[in-house]
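**Q** Following this message is one structure expressed as structure tokens.
Throughout, read-outs are computed from the coordinates displayed, never taken from laboratory work. Because the structure is a prediction, the values reported are computed rather than measured. Using ideal geometry, Cβ is built from the backbone for each residue, glycine included, and neighbour counts are taken over all protein chains shown.
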Amino acid sequence: MDTADLANLIKGRRSIRTWQNKPVPEEMLLQALELATYAPNAGNQQNWKFYLILKPATIKAVADAVQASADYVATWPEAAKSGDSVTKMMQKLSLFRSAPALIVVAASQYQSAVEQLVVLREKNDPKAKLIHEWRNIANSRIQSVSSAIAYLLLVLHQMGLGAVWMTGPLQAKGEIEKVLGISSPMDAVALIPVGYPAETPPLRERKPIKDVCVVIK
């Protein structure tokens, strides 16, 4: 694959939120997940786990848990004051109910030797506390799993499948983990519904590179 082909693959990917009523072969999804595990990750800990859900009843159970949480948030007086925007967002959280497959991504905590040192030091050193805060902004666990998800989305797109990266449903994290049997030290961090696309969303314009890149010579 040359750079032009790679560019077309990257630029052609879209977030897909509606799918054909057609099962996706398990082998295809496992192949995509295996390739995702070649993503860069902190300390080569590979501290991720992927829960591949193909059973409609289980997908429904997860969606029901997310919808129950969304309905609860919608009852808040603060939500009413926010107008239709919050209501519409809450309605979209369980859209994966109709997906033929659902991948729930989980990750365990990772703390490098330096981070352990900073945690011990920060109790009596304000500068160490600040260093800890700065390191937490670039949380290595989330960066690692995010790189794997980015790989996964591109591989699924190359296979002709459509997916969307979701974190909003995690407002029902505890209930989702109970349904799937996820327990410490793992935490659910993202949901990826997958299927054959039933839509072709338009390309959303990207900011010019000159607006998002600073060249320092």
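**Q** So what's the gap between the Cα centers of the stretch 190-217 and the stretch 71-93, to the nearest angstrom?
**A** Between the Cα centres of the stretch 190-217 and the stretch 71-93 lies a distance of 27 Å.
**Q** Further question on the same structure: Let me make sure I get this right: for the chain, a, b and c are the square roots of the gyration tensor eigenvalues over alpha carbons, sorted descending. Under 1.5 in a/c it's rounded, otherwise prolate if a/b > b/c, else oblate. Which is it? Present the calculation step by step, with values, prior to reporting the outcome.
**A** On the way: a/c = 1.45, a/b = 1.19, b/c = 1.22.
It comes out rounded by the Cα gyration axes.
**Q** Say the cut-off is 21 Å between C-alpha atoms; which of 49/92; 22/60; 88/178; 92/207; 60/173; 60/178 go over it?
**A** Working: 49/92 25 Å; 22/60 16 Å; 88/178 26 Å; 92/207 26 Å; 60/173 15 Å; 60/178 14 Å.
Listed pairs above 21 Å: 49/92; 88/178; 92/207.
**Q** To the nearest 20 debye, what charge dipole does the chain have about its Cα centre, counting +1 at the Cβ of each Lys and Arg and -1 at the Cβ of each Asp and Glu?
**A** Numbers: 25 positive and 19 negative charges, 91 e Å.
The dipole magnitude comes to about 440 debye.
**Q** Any aspartates and glutamates with Cα under 18 Å of the residue 11 Cα? List them, leaving off those in the same chain fewer than 8 positions away.
**A** The qualifying aspartates and glutamates are 2, 199, 205.
**Q** I've got another one for you. Determine, for each peptide in 41-51, 161-171, 106-116, the mean count of other beta carbons within 10 angstrom over its residues, then list the peptides with the highest first. Please list the in-between numbers first.
**A** Numbers: 41-51: 17.4, 161-171: 19.9, 106-116: 14.7.
In decreasing order of mean packing, 41-51, 161-171, 106-116 become 161-171, 41-51, 106-116.
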